[in-house]
Structures are given as C-alpha cells and as structure tokens.
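Here's the structure, in structure tokens; my notes come after.
Where a number appears in this text, it was derived from the coordinates with a stated rule and is not lab data. These numbers were taken from a predicted model, which means no experiment stands behind them. Cβ sites come from the backbone with ideal geometry, for glycine too, and all protein chains shown count toward neighbours.
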Amino acid sequence: MGTHNTDRLNSILGLMLRSECTLEQIAAEHDLTFVALLELLRTPEAQAAIAAIEELQTIRDRLRAPVQRDAAMARLHHIATTSNDDLEARRAATTLLRARATPKPRATDLGSARSVPADAHSPADPTLVTKDPKVNVPSLVVKGGTKVKNIRLVDGDHDIDCKIDSIGAMSLKSQFVRKA
C-alpha cells in the first residue's frame, strides 16, 4: 500500500474512532463511494489496523473498569454514610453489599458478607454472626448464630454498623456475618 493510501487509511480509521461520524460521511469526505470505502476497509492492511485498534480499546476498557468501579463505590459509600434520607442510604448500602460480593471470594472469607451472591443480600434481610468475634467489653459475648439487624456499611476496620438484640449498637467486621 502506497504512502497516499496509508495516509488515507489512517485518516479514515481516525474518523471511524469518532462516534459522531457515519461511514457515509467518511466516504464523502474522502471522495469515495460507500462501496469503495468498504473495499478499502476489507484490505489486509485495514483489517490489521482495525484489529489493533480493537485490541487497544479492549485493553483501555480493562484498565478503566477498576477506576470507574472504585469511583462508583466511593460515591455509594458516601451516600450510605452521609445521607439524611434513610431509604436512599439503605439502597446505597444494599448496592455496596452486592458490589462487594461480586469479586472473587477469598478462601479465608468464604462465610463473609462479601462472598454472598450479589442478589442474595440486603440490609433488611436477616443476618447472622458466623463465628464468635472478640469483643473489647468482657461482659459482652457475641456467639455465632446471633441475629444482626439494621446493617449499615461504614469506613474502617470494622466495616459494618449493626444492632444486636441482646447488646445494642455494634460494629463488626464483614467476615463475621452472613445472610441467615
């Protein structure tokens, strides 16, 4: 392929990357018929360039996904912890619980809230303590199987605020709770 055709192909591919350009507009801009444009795009050079562009876009999307997910999680956490509207806070906390449940479960965390299937848990669902957590107050004992209510996600080492009937308000690590 000559230099002129390579430049033309580069220009066409550049225009194709812009979502606002149609193939008809690209053909008209390069004084080509629609059929001639399609034939040009079927050449081995064009196919190789298109494959490389698609691969780069896939890599870019994979790199952007965690950043976008982290930003969304931060927004949801902010809503869940600062909203004055209980319904909005509950919805955000539910979405966070579901989103945290989607990463691969760790072998040490199999019974935790994070490993619950995404559609299986909400703050209104009955929840249980899975194993006996250490409590800083010697007179308080929380046994495995104890019911937990009013779950709310918070920042910190103990990422769940909740209520336990016999004790009252308490903070727990998510590894100690699961859906009942």
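Scan Glu39, Glu45, Glu24, Glu55 and give me the residue that is touching a residue at least 12 places away in the same chain (Cβ under 8 Å) and surrounded by 10 or more Cβ atoms within 10 Å (Cβ to Cβ).
Only one candidate qualifies: Glu45.
Considering each residue of segment 71-94, count those that are in a helix (DSSP H, G or I) and more than 14 Å from Asp161 (Cα to Cα), and give that number.
Residues that pass the stated criteria total 13.
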